[in-house]
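Worksheet: the structure to be examined is printed underneath.
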Amino acid sequence: MATPDEIRTVIDTYVERFSAGDAAGWAALFSTDATHEDPVGTEANVGRDAIQGFYERSVEMFGSLAVARTGEVVVAGNEAAVTLEAFAGSGAGRVHMPHIIDTIRVDDDGLIEQLRAYWQFDSVVPAPEEPGRS
């Protein structure tokens, strides 16, 4: 079983790769038969290829994506919960998802075997002005 520190590292790497636009590296954090439900209530992406496809389609739709942790990673056994915020797009079309809760379960190899992202479409808002831009 992965240790709490290993699980936290997986989540931090998830955030880094997602925000860096590294679709293949991000998807490699998932087991080959993982499930990814984003947001909860939509059809799950099943398997690493489908999960990478979700990311690539999201980039095609928005142009850029970034997530950031907004709180601590809480680990219990092989599961964790983390609060995040996300940004998508650029310029006047840039949007912000300020409240996301991801629940993650990892397998014995420390790969994500299930991820469920809790957020609501009606919580997506125009993004605040990017620092340094006017």
Just need the relative contact order of the chain here, percent rounded to a whole number, with Cα pairs under 8 Å and 6+ apart.
26
Scan the chain and report its longest stretch carrying no GluC sites (Glu not before Pro) that are both in a DSSP loop and have at most 12 other Cβ atoms within 10 Å.
73-128
How big is the gap, in Å, between the Cα center of region 1-40 and the Cα center of region 70-126?
11
By counting other Cβ atoms within 10 Å of each Cβ, how are V125, V82, V59, V106 ranked from fewest to most?
V125, V59, V82, V106
Pick the calculated Cα extents along the principal axes in Å for this structure from [x] 42, 36, 27; [y] 48, 29, 26; [z] 60, 30, 26?
[y]
Considering only T42, T83, T70, give the residue with the highest GNM mean-square fluctuation for the chain, with springs between Cα atoms whenever their separation is below 10 Å.
T42
Quick check on the chain: helices-only [θ] at 222 nm, where DSSP H runs of length 4 and up contribute -39,500 (n - 2.57) each and the sum goes over total residues. Nearest 500, please.
-8500 deg cm²/dmol
First measure r as the distance between the Cβ atoms of T9 and V95, then evaluate 1/(1 + (r/R0)^6) with R0 = 25 Å and state the FRET efficiency to the nearest 0.05.
0.30
Apply the Karplus parameterisation 6.51 cos²θ - 1.76 cosθ + 1.60, with θ equal to phi minus 60°, to every residue of region 34-49 and state each ³J(HN,Hα) to the nearest whole Hz, in sequence, with x for glycine and proline.
4, 10, 9, 10, 9, x, 4, x, 9, 4, 6, 7, 10, x, 4, 5
Which of A27, A81, A92 moves most in a GNM of the chain, Cα contacts under 10 Å?
A92
Considering only region 4-120, what is the antiparallel percent among its DSSP beta bridges, to the nearest 5?
85
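Read-outs: derived from the displayed coordinates by stated rules, not from any lab. Owing to the predicted nature of the structure, the values given are computational and were not obtained by experimental measurement. A quick note on method: Cβ atoms are made from the backbone with ideal geometry, for glycine too, and the neighbour counts reach across all protein chains shown.
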